[in-house]
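Everything below concerns the one structure shown next.
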Amino acid sequence: MKPLTFLIIGTFLCAGCAGTPPANLGVTDGRLSPCPDTPNCVNSQSPGTPHYIAPIAYEGKKNEAYKRLRRVITSMPRAKITKEKPDYLRTEFTSLVMRFVDDVEFYFPEAPVIHVRSASRVGYSDLGVNRKRIETIREQFGAIADGGDTTPVE
């Protein structure tokens, strides 16, 4: 294959990597949307499934936890907050090379936990990227509570 042909095909393939945000994002009746059947999503409201990940626990006031989470998100590379409500935060994370976009949602119910859902927009497997990202956010969120900083972890 000629280099120009490869470049053109690669450009068209990557143009669709971002995809469009799914229509089912958000909170309905106190719940984030369930994950699809593909292994590219984690959700703290899906216990007993391969998609399950623990919610992020916190102590103190909800609005302080919200501010702390927002601080963590804004310190992370290629993160963009796309929607904010008093009990909900939606973020898009874009991968560096292929420009894949993952939708990451945080829901603050009355209990002192933050429910999370992180899902790839396109593709079948994410090779654990969404799970790793939530665990990184959890670590940084805890570090702020312990007096640490929010130095991004790639």
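The values are calculated or read from the model by the stated rules, or taken from the named source; none is laboratory data. Here the structure is a predicted model, which is why all the values come from computation and not from measurement. Cβ placement follows ideal geometry from the backbone for every residue including glycine, while neighbour counts extend to all protein chains displayed. With ligands, DNA and RNA removed, areas are computed over all heavy atoms of the protein, side chains included. Shrake-Rupley method; radii C 1.70, N 1.55, O 1.52, S 1.80 Å.
Brief remarks follow.
- Exclusive hit being surrounded by fewer than 21 Cβ atoms within 10 Å (Cβ to Cβ), in a strand (DSSP E or B) and not aromatic (F, W, Y), set E59, E92, E110: E92
- Residue within the range 1-13 that is at pLDDT 95 or above and over 19 Å from T136 (Cα atoms) present: no
- Pairs linking a residue in the range 48-60 that is aromatic (F, W, Y) to a residue that is open to solvent by 60 Å² or more (accessible area, probe 1.4 Å), with Cβ atoms under 6 Å and 6 or more positions apart or on different chains, are Y58/P112.
- Residue within the range 119-135 that is open to solvent by 20 Å² or more (accessible area, probe 1.4 Å) and farther than 19 Å from V42 by Cβ present: no
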